[in-house]
1. Filter the cross-link list 59/134; 113/147; 59/126; 20/113; 44/147 down to pairs whose alpha-carbon distance in this structure exceeds 23 Å.
2. Amide H of residue 128: which non-local residues (sequence gap of 5 or more, or other chain) have their own amide H closer than 5 Å, using H built in the peptide plane?
3. Pull up all non-local amide H partners of residue 11: gap of 5 or more, or a different chain, and H-to-H distance under 5 Å with H placed in the peptide plane.
4. Suppose R0 equals 30 Å; then what is the FRET efficiency for residue 110 and residue 5 from their Cβ-Cβ distance, rounded to the nearest 0.05?
5. About the Cα centre of region 111-155, what is the dipole size in debye to 20, counting +1 per Lys and Arg Cβ and -1 per Asp and Glu Cβ, all else neutral?
6. What list of ³J(HN,Hα) values in whole Hz, one per residue of region 43-56 in order, does the Karplus curve 6.51 cos²θ - 1.76 cosθ + 1.60 (θ = phi - 60°) give from phi, with Gly and Pro shown as x?
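Since every read-out is calculated from the coordinates, none of them should be taken as a lab result. It should be emphasised that the depicted structure is a prediction, and the values quoted were computed from it without experimental measurement. Cβ placement follows ideal geometry from the backbone for every residue including glycine, while neighbour counts extend to all protein chains displayed.
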Amino acid sequence: GGFGAVYRGVLGTQNIAVKKIVVNEYTVDERLFRCEVDSLMTIKNHPNLVRFLGFCSNKARIVKDKTGSEESFYPQIMDILLCFEYISNGSLDEHITDEFRGLTWDNRFDIIKGICEGLRYLHEDKSIIHMDLKPANILLDDHMVPKITDLVSQD
C-alpha cells in the first residue's frame with residue numbers, strides 16, 4: 001500500500017496483514033493518523049471491506065532543544081503498524097492482468113457488485129470516502145469476494 005510495506009504476520013493462530021508505515025514529516029501527521037484509526041475502528045464486519053484488527057506505534061524520544069547541560073525531549077511517533085485480516089487471493093489488478101487466472105462474467109459481475117456494496121456502506125453509513133480506489137486496492141478472498149482496502153476518510 002501507499003506510504004508503507006505490507007507483511008504477512010500471525011496473531012494467535014490467524015494469518016494477518018501488517019502494514020508498516022514509513023514515518024517522516026512528509027508521510028504521517030499524528031492527528032490525521034488518529035482520525036484515520038478512529039474511522040477504521042467504526043467499520044464493523046462488512047463482507048466487502050478488509051477488516052481492521054488494530055494498530056501499534058513505537059514512540060522514540062528526540063532532542064528538541066539543548067541549552068547548556070539541559071535537554072528538552074519531545075515524543076514523536078517513529079513506527080506505525082496497522083493490522084488487518086489477511087486476504088490470500090491477491091488483488092484485483094493481478095487477476096485482470098493475468099489471462100491465465102481468467103475471470104468469468106459471473107465473477108466480474110459479483111466483484112463489481114461487491115465493490116459497489118462496500119462503497120455504499122462507506123459513503124452512506126460511515127461518511128468515509130475512499131480517495132484511492134483502484135484494482136490494486138481491491139483484494140479477493142478464496143471465494144473471489146472483493147474486499148476494499150487502503151481506506152482514507154474525508155471529514
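1. On the way: 59/134 33 Å; 113/147 11 Å; 59/126 30 Å; 20/113 31 Å; 44/147 13 Å.
Violating the 23 Å limit, Cα to Cα: 59/134; 59/126; 20/113.
2. 123
3. Excluding prolines and chain starts, which carry no amide H, the hits are 16.
4. Details: r = 30 Å, r/R0 = 1.01.
Working from the Cβ atoms, E equals 0.50.
5. Here region 111-155 has a charge dipole of around 120 debye.
6. Residue by residue, region 43-56 yields 7, 7, 5, 9, x, 10, 10, 5, 6, 7, 9, x, 8, 9 Hz.
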